[in-house]
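The values are calculated or read from the model by the stated rules, or taken from the named source; none is laboratory data. Only a predicted model underlies this, so the values are computations on that prediction, with no experimental measurement involved. Every residue, glycine among them, receives a Cβ derived from its backbone with ideal geometry; neighbour counts consider all protein chains shown.
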Amino acid sequence: MKVLVTAGATREPIDAVRYLSNISSGATGAAIARHLAAAGHEVTLLHGESSQGADAPGVTCGVFGSTDQLGARLENTLCQGGFDVVIHAAAVADYRPETVHPGKLGSYSEELVLRLVPTPKLLPRLKSWSPAPLRVLGFKLTAGADGPARAAAVGKLFASGGVDAVVHNDMDELGSAGAGRTFRVYKAGDSAAAAHAVGVPALCAWIEGWVREG
């Protein structure tokens, strides 16, 4: 299979030297890319500028900065055709500054006000960029959400269309270096998680099986 993986955080520029981002390291996406390549798949990994790559045989890497840059790279890559699966694990910003200031903002202002606007949602657009049928696995992170809130967050991804399965985890369940992290995997049409994977290696194994199902 030919697989495209995204990983890590986007950077939404404020000025020439500052940006808004998040805590994603890209480690999970990089681990998925390495695992799939080791299993014999042809893997392309697009990762954030400050995120981990995957220096491994069978993995071709590319870098993105902002959400717009990631969207352009995804569209250009998928439009070339040949991909069977997208694993969209990148932590894409929900908002960006409305205006990017040229140069560098001053360092001594008493107050700086930023107006944030929504970024475009990339996940629902992936299949439209591929000339051939494409299977898509999305990721959803919540923070301190209870069961109904988690289910609602996952349900929104399915409702937006363009995704065949969703991996969910919550900030409250993050273990040391991800070792104790619980991932819940949902397939389209499921009212409950189809599988639970404890730790990144277990998640990689589940994803590899899901890729082969196609």
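Listing for the model above:
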| read-out | value |
| --- | --- |
| Cβ-Cβ under 8 Å pairs, at least 6 apart or on other chains, region 2-31 side under 13 Å from C61 (Cβ atoms) and in contact (Cβ under 8 Å) with a residue 60 or more places away in the chain, far side of a type in the set (S, T, N, Q) and in a helix (DSSP H, G or I) | L4/T77; A7/T28 |
| Within region 115-124, tally of residues that are among the aliphatic types (A, V, I, L, M) and loosely packed, with under 14 Cβ neighbours inside 10 Å | 2 |
| Matching residues in region 22-53 - criterion: being at pLDDT below 95 and polar (S, T, N, Q) | N22, S24, S25, T28, S50, S51, Q52 |
| Selection status of L114, aliphatic (A, V, I, L, M), under 15 Å from the mean Cα position of the chain (by Cα) and not in a helix (DSSP H, G or I) | no |
| Pair list, Cβ < 9 Å and 6+ apart or interchain, from region 151-163 residues that are over 14 Å from K187 (Cβ atoms) to residues that are surrounded by fewer than 14 Cβ atoms within 10 Å (Cβ to Cβ) and modelled with pLDDT of 90 or more | G162/S128 |
| Within region 62-106, tally of residues that are touching a residue at least 40 places away in the same chain (Cβ under 8 Å), of a type in the set (D, E) and more than 27 Å from R212 (Cβ to Cβ) | 1 |
| Search result, residues across region 8-48 that are surrounded by fewer than 23 Cβ atoms within 10 Å (Cβ to Cβ) and either of a type in the set (F, W, Y) or at positive phi (or both) | Y19, G40 |
| Some residue of region 120-141 being closer than 22 Å to Y19 by Cβ, of a type in the set (K, R), without any contact (Cβ under 8 Å) to a residue 24 or more places away in the chain and in a loop (DSSP other than H, G, I, E, B) | no |
| Index of the failed condition, V167 passing every other in (1) part of a loop (DSSP other than H, G, I, E, B); (2) buried (at least 20 other Cβ atoms within 10 Å of the Cβ); (3) of a type outside the set (D, E, K, R) | (1) |
| Sole residue being in contact with a Cys (Cβ under 8 Å, 6 or more places away or on another chain) and within 20 Å of G29 (Cβ to Cβ), chosen from G40, G138, G53, G71 | G53 |
| Filter result for A188 (under 29 Å from G40 (Cα atoms), surrounded by fewer than 20 Cβ atoms within 10 Å (Cβ to Cβ) and small (G, A, S)) | yes |
| Qualifying residue in region 85-107 (condition: under 22 Å from A202 (Cβ atoms), surrounded by fewer than 16 Cβ atoms within 10 Å (Cβ to Cβ), in contact with a Gly (Cβ under 9 Å, 6 or more places away or on another chain) and at pLDDT 95 or above) | no |
